[in-house]
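**Q** Have a look at the structure that comes next, please.
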Amino acid sequence: MSMADSSSSCSCCNNLRQRCPRPQGLLAQVITKACLLALLFGVVWSITQRECLPGGKLFGIVILFLCAVCGGNLVGMIKLPTLPPFPPLLGMLLAGLLLRNVPYITDAVYIDQTWSAALRNISRAIMLTRVGLGQDPTALRRLKAVCLRVAVGPCTVEACTVAVVSHFLMGLPWVWGFILGFVLSAVSQVVVIPSMLLLQKDGYGVEKGIPTLLMTAGRLDAVLAITGFTTCLAMASSKDSTWMNKGLLDVVGGMGVGLLLGIFICFFPSKDQEDLVLRRCVMLLGLSLCAVFGSRVVGFPGAGSVCTLVMAFLAALGWGGDKAPVAAMVGRAWDIFQPLLFGLIGAEITVSTLDPNTVGLGMACLCTGLLVRLLATFLLVHFGGFTLKEKIFISVAWIPKDTVQAALGSAALDMALVEGDEVLVKLGLDVLTVAVLAILTTAPVGALGIGLAGPRLLHRHTEDEESGPTSQTKDMIGQKKDFHESKL
């Protein structure tokens, strides 16, 4: 082919591309995601065949995953001006509820209980790893007392309040009352962190470090709730008179093993190895899964959660600035298992079998705990140098709940199913039901509350363009970079 012919051919190709532009925007995204979902189903069907047909074990899991992803995308598309986006997990949870409670579809979408429990435990291990990696020791040292007060005080007060109210209203045993209390006491990072980043971007509350305070305290709040829940769950799973020692042994043993594994993973794999990020991620997630599943095998189910938290925290501390790519890779794994977790949680709830008393009294416990939490938060930040409006905003920002409630609520039910006791299964379903109610009610209300209250209650700080960035602005940039890299 001559140069002239080649030039003519290239010219024709360019003209063709200009006349037939490539699809872009929302339509292209929808078509791409639909093809990917169809490809996923096709690959699984080609490998498993009968198991991937209606009524098979894999069919239910695949359909649940696809519906949860679609539900999350639909809810994520709801965007209101000046307000943070609604958390996609609401759509994932509702997708599971619909699949479980729509006639005819329920019979076709069969989900094996053993598979469901295993997938929820995998999701829980990944979630705990992300929580451990998300801790920021530098921010904790900088914010000091006020951060500890905001993180520890409201969480503990709400857990104790819910325990007392649920014991007298719902008739829960004291240990199960505290299990429910710690399930409900964790604040939502999925709602709080993106909302705080939006406020930081516009300069609201930046001068006094309110967004940084809430993001840091929210991570510590989750750790406290998980630790309290783990201790109480270990007590509930013990049938002998040493139930209190059993709970303490779970926590202490989990911390000890997590400390050893955390130190080990700081040095192995070594920095001179190839594919360091991938190997660190595989090592960290592998040890987390072994801790969560292995602790159940040896009879200490609560130790795995504490071990995973401590190990991930020490790993992040040892890796320093190199933890960001590992956290981002763990976030990718969470993107896959998050729809499964919330879809499976929703699929555990059968509306027709719900006791109206459980729903009503559960909502009463939830509302009472929230009111006490708001009051405790307002009082605990009283000596932090904040104005009245800023105190009110900090209290409102502590309303939403989601991911921790789903993970811990399902853990209580899994423990009851393993024990095989009908009374414990009933208690586990009650805890899970109230946890689902908490997600459905507080997540959207909290997102709206933060979005509406922030610009009205916080002072907007504007910097002169000629001046350099302040330390608070630098901290804001670092927090935003960490959030996007870890995909919290």
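The values are calculated or read from the model by the stated rules, or taken from the named source; none is laboratory data. Since the structure is predicted, the reported quantities are computational estimates derived from the model, not experimental observations. Glycine gets a Cβ as well: all are built from the backbone with ideal geometry, and neighbour counts include every protein chain shown.
**Q** For region 48-68, which residues satisfy the criterion of being among the small types (Gly, Ala, Ser) and in a helix (DSSP H, G or I)?
**A** Within region 48-68, Gly60, Ala68 qualify.
**Q** In region 164-193, how many are assigned to a helix (DSSP H, G or I) and closer than 22 Å to Leu379 by Cβ?
**A** Qualifying residue count for the region: 7.
**Q** So, one more: Scan region 26-38 and report the pairs whose first residue is touching a residue at least 40 places away in the same chain (Cβ under 8 Å) and whose second residue is among the polar types (S, T, N, Q) and assigned to a helix (DSSP H, G or I), with Cβ atoms within less than 9 Å and a gap of 6+ or a chain change.
**A** Hits for this filter: Lys33/Asn73.
**Q** Cβ-Cβ below 9 Å, separation at least six or inter-chain, first residue in region 317-332 and assigned to a helix (DSSP H, G or I), second of a type in the set (Phe, Trp, Tyr): which pairs?
**A** Gly318/Phe267; Val326/Trp319
**Q** I'd like the residue in region 188-209 that is in contact with an Asp or Glu (Cβ under 8 Å, 6 or more places away or on another chain) and buried (at least 24 other Cβ atoms within 10 Å of the Cβ) and, out of all such residues, is nearest to Ala447 (Cα to Cα).
**A** Val191
**Q** Moving on. Just checking, does region 81-89 include any residue being hydrophobic (A, V, I, L, M, F, W, C) and either at pLDDT 75 or above or not in a loop (DSSP other than H, G, I, E, B) (or both)?
**A** Yes, the conditions are met somewhere in region 81-89.
**Q** So Ile193 passes all but one of these: (1) under 27 Å from Cys365 (Cα atoms); (2) within 22 Å of the chain's Cα centre (by Cα); (3) at pLDDT 85 or above. Which condition number does it fail?
**A** That leaves (3) as the condition not met.
**Q** Restricting attention to region 245-266, does a residue exist that is outside any loop (DSSP other than H, G, I, E, B), touching a residue at least 60 places away in the same chain (Cβ under 8 Å) and out of contact with any strand residue (DSSP E or B) (no Cβ under 8 Å at 6 or more places or on another chain)?
**A** Looking for residues that are outside any loop (DSSP other than H, G, I, E, B), touching a residue at least 60 places away in the same chain (Cβ under 8 Å) and out of contact with any strand residue (DSSP E or B) (no Cβ under 8 Å at 6 or more places or on another chain), one finds none in region 245-266, hence no.
**Q** Then there is this: Looking at Ile226, Ile193, Ile210, Ile179, which one is in contact (Cβ under 8 Å) with a residue 12 or more places away in the chain, of a type in the set (Val, Ile, Thr) and farther than 24 Å from Val310 by Cα?
**A** Ile210
**Q** A further question on this structure: Please work out if Gly286 is surrounded by 20 or more Cβ atoms within 10 Å (Cβ to Cβ) and part of a helix (DSSP H, G or I).
**A** No; evaluated as a whole, the condition is false for this residue.
**Q** Looking at Thr212, Thr161, can you tell me which residue is among the polar types (S, T, N, Q), at pLDDT 90 or above, in a helix (DSSP H, G or I) and surrounded by fewer than 24 Cβ atoms within 10 Å (Cβ to Cβ)?
**A** Thr161
**Q** Residue by residue through region 187-233, note down the ones that are closer than 20 Å to Lys391 by Cβ and among the charged types (D, E, K, R).
**A** Glu207, Lys208, Asp221
**Q** Only one of (1) under 30 Å from Asp202 (Cα atoms); (2) touching a helix residue (DSSP H, G or I) at 6+ places or on another chain (Cβ under 6 Å) is not met by Leu388, so which one is it?
**A** So Leu388 meets the others, but not (2).
**Q** May I pose another question? Kindly check whether there is at least one residue in region 339-349 that is under 24 Å from the mean Cα position of the chain (by Cα) and without any contact (Cβ under 8 Å) to a residue 24 or more places away in the chain.
**A** No: region 339-349 contains no residue that is under 24 Å from the mean Cα position of the chain (by Cα) and without any contact (Cβ under 8 Å) to a residue 24 or more places away in the chain.
**Q** Look at Val292 and say whether it is under 15 Å from Ile122 (Cα atoms) and in a helix (DSSP H, G or I).
**A** Considered against the rule, which asks whether it is under 15 Å from Ile122 (Cα atoms) and in a helix (DSSP H, G or I), Val292 comes out as yes.
**Q** Would you call Ala327 of a type outside the set (Asp, Glu) and over 26 Å from Ile399 (Cβ atoms)?
**A** Yes: the conditions hold for Ala327.
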